[in-house]
Amino acid sequence: MSDALVIGAGPAGLMAAEVLVDAGYSVLVAEAKPSVGRKFLMAGKSGLNLTKSEDFNTFLASYPDAADWLKPTLQAFGPQDVIVWSESLGQDTFIGSTRRVFPKAMKASPLLRAWLNRLTDKGVTFQTRWRWTTWRDSSFTFETPNGSKSIAPKATILALGGASWSRLGSDGAWTTLLAERGIETAPFQPSNMGVTVDWSGHMKPHFGKPLKNIAMTVGTDTSKGECVLSKSGLEGSLVYQFSSGLRSSEPLHIDLLPAQTAAALQSRITKQGAKTSLANILRKSLKLDAAKAALVMEFARTTPREQLAQTVKSLPIPYTGTAPLDAAISVAGGVRQSDLTENFMLKAAAGTFCAGEMLDWEAPTGGYLITGCLATGRAAGLAAADYITQQT
C-alpha cells in the first residue's frame, strides 16, 4: 500500500506527488483518463504561459477574491519559483513583451514528459483509467480496467480540477462524493470565458479578426488590450479579465481608439461634408480598421454625427450572456476556504487535502492559473507529508 494517494494528474496533483516522494513517502497517482496532464497539454498548444514576471503585490491582485487566502501559498511558491522549477526540468524560459513567462519550446509536452520521467525515476506510481467512485472513511474505491480497487492511504491529495473542458477530465463529478461527506462546494461558474453576441450577417466576414489596441470597460473596471471577434461573440484575454462582471451582466463598452480624445476625433468628423458616408468617416477620418468599423456599423449605424466620437470612445456591446461552463478555460467555485484548514486539509476528513482548480478561487489567463495550481499542489503536498509524519 502506498503512503500517499493523489487523485488527479494535472499540475496540482503532480506537484503534490513530487513533494510527497521527496519527503520519503511512497506515492500512487490515480488518473481517470487514459493519460495524464491532458488539460495542461491543451493549454500549451498555443504557447504554454507558465507564470508572469511582475511585482508580487501586482501578481497577487490577479486572484481578487482569494488574494488573502492564497497569499502565503504564492509567497512560498511564486513566479520566480515556477521559472526555477521549469528550468530544473531542462526547459529554459523567456519573458515576453507583456511579462508573461513561457518555456522556450513554447509547448507543454516537453516539460510534461521531463516531469513524468523525473517522477517515475523517483518512484511515483501512476495508474490511468482509474475513476474514483466511492469514499468510505479513509478508503477510496476506484473503477479500473481490472475491476474495483480500494485503497486506504495515510494521506490523500484531491486534485480533481474544476468543471470545464470535461472531455479532458475536469467534469466536476467529484462534488457528489464530497457532498456525501457533508462538504457542500460553491457552485461552479464559467471563468476566462467569452461573451455571446447575436451578430447580424453583416459581421460574418470579420469572424476571427482581432480588435487590437482597445480599452474595454465592464461596469466600472477598465483595461486595455485586445480581443477577437468570433462566431459566437467576443473572445480573448482582455474579455477574460472581466469574468466576474460579465457573469453578473454588467454593461460592456469598448473604446476603439483609447489613445485619442473624443474632442480630437469629433473635430476630424466635423470637417467631413454632410454627404460623406459613415463608412468613409470611419475608414478615412478615424482610421478604423475593417473589424472596428464593422463593430460601429453593427451597433451604432444611426448615431448622429455630433455624437459619433463619443460613441467610438464608448461603444456599447449588447452581449446576451457568457460562454457555457464546459467551454470556459477555467471556473469559479469549488471547495470553499471555510471547509479547509489553513494547509488545505478538509475539516470533515482528516488526512485528505485539496489543491488546484477544484478550490474556490479564480484568476485570469496570463500564467496565474498554472502558478496557482502548482503552488496549491505544493502546499497541500507539504501538509500531507507533515500529516503522515505526525501520524507515524
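Each value in this text was obtained by applying a stated rule to the coordinates, not by laboratory testing. A quick note: this is a predicted structure, and the numbers were derived from the prediction, not measured. Neighbour counts are summed over all protein chains in view; Cβ atoms, including those assigned to glycine, are modelled from backbone coordinates with ideal geometry.
Some notes on this structure:
- Against the chain, whose longest principal axis comes from its Cα atoms, helix 11-22 is set at around 30 degrees.
- Each peptide in 142-152, 321-331 receives the mean, over its residues, of other Cβ atoms within 10 Å, and ordering these scores from highest gives 321-331, 142-152.
- Selected from Leu265, Leu20, Leu374 as most flexible by GNM, with the chain as the system and alpha-carbon contacts under 10 Å: Leu265
- Most mobile listed residue (Gly194, Gly334, Gly208) in the chain, GNM with C-alpha springs under 10 Å: Gly208
- Cα centroid separation, segment 87-141 to segment 287-345 (Å): 33 Å
- Qualifying lysines (Cα of each under 29 Å from Cα of Lys45; at least 8 residues distant if same chain): Lys33, Lys104, Lys107, Lys122, Lys204, Lys209, Lys212, Lys224, Lys231, Lys292
- Of the chymotrypsin sites (Phe, Trp or Tyr not before Pro) found in segment 186-221, the ones in coil according to DSSP and having at most 16 other Cβ atoms within 10 Å of their Cβ are Phe207.
- Calculated [θ] (222 nm, deg cm²/dmol) that DSSP helices of n ≥ 4 give over the chain, each run adding -39,500 (n - 2.57): -9000 deg cm²/dmol
- Rounded to 10°, Cα long-axis angle of helix 79-88 versus longest principal axis of the chain: 60 degrees
- Highest GNM mean-square fluctuation among Ala114, Ala379, Ala264, for the chain modelled with Cα contacts below 10 Å: Ala264.
- Cα shape, segment 195-322, gyration tensor, a/c 1.5 rule: prolate
- Stretchable slack from Arg283 to Arg131, in nm (0.36 nm times residue separation minus alpha-carbon distance): 49.0 nm
- Met203, Met345, Met1 arranged by Cβ crowding within 10 Å, fewest neighbours leading: Met1, Met203, Met345
- Between helix 109-122 and the chain: long-axis angle, C-alpha atoms, 0 to 90°, nearest 10: 10 degrees
- Within the shell of other residues whose beta carbon sits under 14 angstrom from the beta carbon of Trp132, the net charge comes to +2, with Lys and Arg scored +1 and Asp and Glu -1.
- Rounded if a/c under 1.5, otherwise prolate or oblate - segment 7-67, Cα gyration tensor axes: oblate
- Listed by chain and number, the aspartates and glutamates whose alpha-carbon sits under 12 Å from that of Lys313, ignoring those within fewer than 8 places in the same chain, are Asp255.
- Inter-label distance for Ala348 and Phe207, nm, one decimal - labels placed 7 Å from Cα along Cα-to-Cβ: 4.4 nm
- Summarising the strand pairing of the chain, around 70 percent of its internal DSSP beta bridges are antiparallel.
- Those aspartates and glutamates that a straight Cα-Cα span of less than 17 Å connects to Lys347, excepting residues fewer than 8 apart in one chain: Asp137, Glu180, Glu184, Asp339, Asp360, Asp386
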